[in-house]
Amino acid sequence: MSLKVPKAGMNLFKDGYKLLQGTEEAVLRNIQAVCELSDMLRTSFGPNGRNKLLINHLSRSFITSDAATILRELEVVHPAGRLVVLASQQQEAEMGDATALVITLAGELLKKAEQLINLGLHPSEILQGYELAREKALAELENLAVAELTTPPTVDSLALALRPCIASKQYGQEDVLAPLVAQAVSLVLPPTSSTSGKTLGLKDFNVDNVRVVKIMGGSLPDSRVVRGMVFGREPEGVVKRINDGAKVAVFSCGLDISQTETKGTVLLHNAKELSTFSHGEEKQLEKIIKEIADSGVKVVVSQSSVGELALHYLNRFDILCIKILSKFELRRLCRLIGATPLARVGAPTPEEAGWVDVVETTEIGGDRVTVFRQEEGKPGGKAKPRMATVVLRGATANHLDDVERAIDDGVNVIKSLTRDPRLVPGAGATEVELARRVGEYGEKTAGLNQHSIRKFAEALEVVPRTLAENAGLDATQVVSSLTARHASGPSGEDAGVDIEGEGEEGIVSTKESQIFDVLAAKHWAIKYAVGAAITVLNVDSIIMSKPAGIKVPKQNPNWDDD
Amino acid sequence: MSNRLGGMLGGAPVIVLKEGTDTSQGTPQLLSNIGACISIVSCVASTLGPRGMDKLIVNGRGDSTISNDGATILKLLEIVHPAAKTLVDIARAQDAEVGDGTTSVVLLAGEMLKECRAFIEEGVSPHTIIKGYRKAAQLATARIQELAVSIDRSDEAAFRDLLIKCAGTSMSSKLIVSQRPFFSRMVVDAVTTLDPNDLDESLIGVKKVPGGAMQDSLLVRGVAFKKTFAYAGFEQQPKSFTNPKVLCLNVELELKAEKDNAEVRINQVSEYQAIVDAEWQIIYSKLEAIVKTGAQVVLSKLPIGDLATQYFADRNIFCAGRVPTDDMKRVVQAVGGSVQSTTSDIAPQHLGTCGKFEEKQIGGERFNLFEDCSAARTCTMILRGGAEQFIAEVERSLHDAIMIVKRAMKNSTVVAGGGAIEMELSRHLREHARTISGKQQLIISAFAKSLECIPRQLADNAGFDATDILNKLRMTHAQGNKWDGVDIDSEDVRDNMAGFVWEPSVVKINALGSAAEAACLILSVDETIRNEESQPPGGQGQPGGQKLPPGAAQRALKQRGGVPRR
C-alpha cells in the first residue's frame, strides 16, 4: 500500500489568487512594466521634451511635460510601476523638481539589469553592484560642484539658477519666466543676517510666499510681479480703493448681527419690546462698526458673509470691505499684512490690526481683481514684502496651468538652493562625468560586481542620450563624442549636450553657456532612482489576491424605458 | 497608434495603466489633433467679415441663438475634443481681453496649424516649427507696434471721430451693419460717459425691448429700468418729476414679521391689540422717516408692499420695489447718494438727485427713466428690434463694439482693418524669411502665408475671387502701399486707412499672440492619454454606459429636499 502524498501547492491559496514566481515570470515582467513607463515619459524629458495631452477620469485635460503631473493623472496600476511612481513622488516632495530624472534613470537601470539577468547573473549580485556604484556616484557628485548661488542672492544670480529648470518645462519662454520668478523670489527671500552665519536667514524661505494668479487673456510677456497679493473679486462696499495706507482688521467670522448657534427664539412679551427689537439690533451693529472705525481701521476683511446692514454701516464709515472665502488665502493675507484674524466682530487691538499700503481694484484682461500691495518705503512695506504674486497672462487655460507648474518647480529649485547652494554642470554633463568615473571604478572592482557597476555607468548615459534624441540629434554620435571629450581631461568636464544643435558635434560647454543644475536635486534623484530599481529587482514573486469588489447590481429588467 | 495596454512577454500582457485607458501617440496623433482644430475653424470661418454669414444654433433645450460672434458660437458648440478645446479657450481669452476679433483669432490659429501640417508629414520636428512660430509672432507684434498710427487725443472732436470709426469697423461684420452710423455714435456716446480712469463696461446698462425697429433704439444718459411689480395705489403716484430727490433703499417696506426667530407670547388678551398696533407702528415709523428726508422717488431692492405704496401715493412720492441689484448700482452711480439698509438715520447727503425723472412707455413696456444726472458716470441703451434672437445678437454686437471703443480709448493706436495689416505683416515676414537660412526660413514663410487667411476669407465670404484679390494685394504691398486691404464694396483693393476701416492695434497684437500660442500648444503635444471617465458620484458603479432609469436623479434629489420646485 502506497502512502498517499497530496500534491504540493494545490490548495495553498483561495480561488482567484494569482501567483507569479521566478526570474522569468516576476522579475522580467516587472522590469518590462517599469520600462514601459519610463519610455512613455522619456519623450517629455528635457527642454525639447514633448508635451502630453492627458484627460483624467474627471474629463479634465492637462497639457504638460511635467513628469510629476503626468504620473499623478495616469493612474498606474502595475505594482512594480507604482513603486517607481512612488519614488518620483518622493522626489517631488523632497525637491519639487527632477522627477522625470528619477523615472528615466530607474527605467534605464532596470533595462541594463535585464541584460545582466539574461547573461545569467542573479538579481542579488546585480543589487550589490548597483549599491556600490550608487555610493561611488554620490561621492563623486560632491566633487563636481562648479558654482554656488551667490550670497546674498541677487535677482540675476537667481534667474541664472532658475533658467535650466524653467527651460526644461517651458522651452523658449525661460527668458521671460526666469527673471519674473527670480524677481518674485528675491522680494520675499528673508534677508541674510550677517552676524549668524552666511545663509542662515535664507533657510526660512517659504515656497508658499510666492503665489501665482492666472488670468486668461494677453500673452506671457504681459505677466508681472506684484508686491503683495491679488484676489479675484471686487470689494463688497462702495469704497474700492485706498491709496495712502490703511489699518486692516481681519475677521474669520462673518460680519453680521450676532446670532446664536443653538436654535433660539426671542420671546417678546409686550408691544414695546416688539417695536424696539430691530431698532436695538441696528444700534448695536452701528456701535460695533463705529468702534472698528474709531480704532483707525479702513479696510475690513471677512472670511464669510457680510450682512447687508453691516455693509451699510461700513459704507457709511468709508471702510473698504472684502470677502476672502478661502481659509488659506486669508492666512496668507494675514502673513502679508501682519494681522491676527479675529474670531468675533469688534475693534482690533493695535497688535491685531495689520497694515497695507495700497488696496486697489483694477481690471486685468476682462477680470476685475483687488490687489493688496506693500510699497517700498511706505510705513507697512519694509524693504521686502512678505508675499509676492506672479500674475500670469496667457491665452489658454491649459498653457497657464503648465506655466504655473513650471513656476512652482522653479521656486522649489530656489528653496533647495537655499539649503545647499551648490550647482553642477547641466545639459547631461554631470551624468557623463559620473558615468566615466563610475565606469573607471568598475574596472578596478574585482568579482562579479564589476559587471553591474559598469552597467550602472552605462545607465547614467541615458540622460545625455535622451536629451540628444529629443532635440533631434544623432544620439549615439553625441554621446560618444561627449564621452571622448570628458575622457580628455579636466577641461572637458563641463561638456554637455547642445540642444540647440548649432555646433557641429552637438556639444556645448556648460560653463560658458551657464547651464547649471542643482546638486541636491541630482543627489536625491540618483538615490531614489537606484532605490526604486533595487526594490523592483528584489522582488522574486508576486502574489495578487482576487480584487475585492461589490458585484455590479443587475439592472431590473422590469423597469420601463419611459 | 499603439496601444500601450499590453506588451507581450511569454504570453500574457503586462498591464501598466488602468483598464479603459486610451493612448495614442506620435505623428498620426498630432495630425488628428490638427485635423480636429481645422474642422472647428471651418465652422466659424464663414462668419468673418462684413459679408460673413450668421449661424443658427439650437441647444439641447431647444433654445435657438443666431450669432456672428466667434466666441459665442464656439461656446454654444460644446466642443469635447481636448485639442480643439484650446481654440475655444483662445476665443474666450480674446473676448475677455479685447472683446472683439474672436473669429479672427480662431481662424489664424487654425491656418497656422494647417500650414505646418505639410512639414509635420514630412517629418520636421514640431519643436523647430514652434521655435519658428514664436519668433515670427514676436516679429509680427513688433511690426504692428512700429506701424500703428497713434492718434492725437488733444483734439476732442478728432478723437471722437476715431472712436466712431473703430466702432464702425467692429460693427461692419455684424447684423447691425445697416445702421452702422447710428449705432457707432451711440456706442461712443455710451463709453465716453464712463469714468475715463476706470471704464467699467458693466455700468453701461443694456435693456432689450422686442418690437419696433432697430433705429428706435435709444441711449439714455442716466438710468432706465423696466417698471417693477407694483401694488395697488401705484396709479395714484405722480410719474414725472424735475430735480427730484432720489432715495435708494435696501429695506423691505411691508407689514410682516420683523425677525424669523422672534416669537410673541402674551398673557392677557388686552395686549393682543397692542402688539398688532406695534407692528403697524414699526412700518409707519419707517415710512415717516422716509417722507421726512424729503425724497420724492423711493427705490428699494426689496419689495415695497401695498400699504407703503398707498402711503407714498398720498404724499406724492413715487416708489418702486424689487429693483434688480445691477440697476440699483447704476442708479446710485448716476444720481449719487448711497444705498441705505436702514431707515433710522438717513442724512441729506445719502440722497441723490437727477434732472428729470419720468415713467415712459417704450414699446410694450413701461420704463422708469432717470435723465440729466449731474455726475452720471453711467448710461443705458434700450435696444429695439423685431425678434428676441435678433435683439440678443444686436446686444452681443454692441458689446463687441463697446469693448473696441474702450480699448481704443486706453491705447490710442490704430491699424487698418480689412486684411490690410495682415497682408503687410505677411509681406514683412516673407522679407525677413529671405534673410535667414535653414529650416526656419520655411517656417516663417508658412506663418506669413497663414496670415493671408484673413483677407482671403474676407474675400471668399463676400463672394469675390479670393486668389485674384490676394494677388492684387500682394502686388500693392510689394509696391509699398502698406494700408491696402480688401474693399468689400467694390470688389477691389483700396487704402483702408483712408477708407476709415480702423481697428485698435491691441486687438491684432493680442489675436496674433493668442493664435500663435494655441498653435504652439497643440504642436507640442506628442501623446494623448485618456483615462476612462469615472462614474459620477451616486452612480453606484454602474457598468459603462448603463443609465439609471429616467427621473431617478430627480427622485433621489427630491428625497433630500434638494431641487427647488419651479
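Taking N as the residue count of the protein assembly as shown, its C-alpha radius of gyration divided by 2.2 N^0.38 Å amounts to 1.11.
Quick one, could you list the DSSP H helices from chain A stretching 30 Å or more along their long axis (Cα atoms) with average Kyte-Doolittle hydropathy of -1.0 or above? In chain A, the long hydrophobic H runs are A:99-119, A:271-294, A:397-419. For trypsin sites (Lys or Arg not before Pro), no site in the stretch A:91-162 is both called loop by DSSP and has at most 12 other Cβ atoms within 10 Å.
Enter the mean number of other protein chain beta carbons within 10 Å of the beta carbon of each residue in A:283-289, as an integer. Walk me through the numbers on the way to the answer.
Values: counts 2, 0, 2, 3, 0, 0, 0.
So the per-residue partner count for this stretch is 1.
Model label points for A:H122 and B:D216, set 7 angstrom from Cα along the Cα-to-Cβ axis, are 9.8 nm apart.
Think of the stretch A:27-135 as a dipole: +1 on every Lys or Arg Cβ, -1 on every Asp or Glu Cβ, centred on the Cα centre; then among A:I103, A:N48, A:L132, A:N48 lies furthest on the positive end. Its Kirkwood hydrodynamic radius, worked out from the mean inverse distance over all distinct Cα pairs, puts chain A at 27.7 Å.
Mind giving me the FRET efficiency for A:E273 and A:E363? R0 is 51 Å, r the Cβ-Cβ distance, nearest 0.05 is fine.
0.55
Peptide B:519-525 has a mean shielding of 6, counted as Cβ atoms of other protein chains within 10 Å of each residue's Cβ.
Just tell me how shielded B:88-99 is by partners: mean number of partner chain Cβ atoms within 10 Å of each residue's Cβ, no decimals. Let's see the in-between values first.
Values: counts 2, 8, 6, 1, 6, 14, 5, 4, 9, 12, 4, 1.
What the average comes to for B:88-99 is 6.
Taking the empirical scaling 2.2 N^0.38 Å for compact globular proteins as reference, the stretch A:49-113 has a Cα radius of gyration ratio of 1.14. Ordering B:53-65, A:264-276 by mean Cβ neighbour count within 10 Å, with the highest value first, yields A:264-276, B:53-65. Under the criterion of Cα pairs below 8 Å and six or more residues apart, the relative contact order for chain B equals 24 percent.
Using packing as a proxy for protection, rank A:210-220, B:412-422 so that the peptide with the highest average count of other Cβ atoms within 10 Å comes first. Walk me through the intermediate numbers first.
Values: A:210-220: 21.7, B:412-422: 26.7.
The peptides rank, most packed first, as B:412-422, A:210-220.
Taking square-rooted eigenvalues a ≥ b ≥ c of the alpha carbon gyration tensor, is the stretch A:85-125 rounded, prolate or oblate, where a/c under 1.5 means rounded and, failing that, a/b exceeding b/c means prolate? Prolate.
Just to confirm the filter: which trypsin sites (Lys or Arg not before Pro) across the stretch B:306-404 are DSSP coil and have at most 16 other Cβ within 10 angstrom of their Cβ? Walk me through the numbers on the way to the answer.
Working: sites: B:R315, B:R322, B:K329, B:R330, B:K356, B:K360, B:R366, B:R377, B:R384, B:R396; in loops: B:R315, B:R322, B:R377.
Here the trypsin sites (Lys or Arg not before Pro) that fit, given the DSSP loop and packing criteria, are B:R315, B:R322, B:R377.
Protection proxy ranking, highest mean first, for peptides A:45-57, A:454-466, A:470-482: A:454-466, A:45-57, A:470-482, where packing is the per-residue count of other beta-carbon atoms within 10 Å, averaged.
Dividing the C-alpha radius of gyration of the stretch A:90-197 by 2.2 N^0.38 Å, with N its residue count, gives 1.52. For the pair A:S488 and A:S513, a Förster radius of 25 Å applied to the C-beta separation gives a FRET efficiency near 0.85, rounded to the nearest 0.05. Rounded to 0.05, the FRET efficiency of the B:R377 and A:R344 pair, given R0 = 35 Å and the Cβ-Cβ distance, is 0.35. Applying the criteria of a DSSP loop state and at most 11 other Cβ atoms within 10 Å to the chymotrypsin sites (Phe, Trp or Tyr not before Pro) of the stretch B:179-263 yields B:F229. Given +1 at the Cβ of Lys and Arg, -1 at the Cβ of Asp and Glu and no other charges, the dipole of chain B around its Cα centre is 600 debye to the nearest 20.
Only Lys, Arg, Asp and Glu carry charge here, each on its Cβ (+1 for the first two, -1 for the last two); on that basis the protein assembly as shown has a dipole of about 1660 debye about its Cα centre.
Neighbour counts of other C-beta atoms within 10 Å: give me B:K114, A:K511 arranged from fewest to most. Could you put the intermediate results ahead of the total?
Details: B:K114 19, A:K511 16.
Starting with the residue having the fewest Cβ neighbours, the order is A:K511, B:K114.
Please identify the DSSP H helices in chain B that span no less than 24 Å along the helix axis (Cα) and have a mean Kyte-Doolittle hydropathy of 0.0 or more. Don't skip to the answer; put the middle values down first.
Values: long enough: B:26-45 (28 Å, 1.28); B:102-122 (32 Å, 0.48); B:126-147 (31 Å, -0.31); B:270-292 (33 Å, 0.07); B:388-410 (33 Å, -0.03); B:505-523 (27 Å, 1.44).
The qualifying helices are B:26-45, B:102-122, B:270-292, B:505-523.
Read-outs: derived from the displayed coordinates by stated rules, not from any lab. What you see is a predicted model, and the numbers here were worked out from it, not measured in a lab. Every residue, glycine as well, gets a Cβ built from its backbone with ideal geometry; the counts of neighbours run over all protein chains shown.
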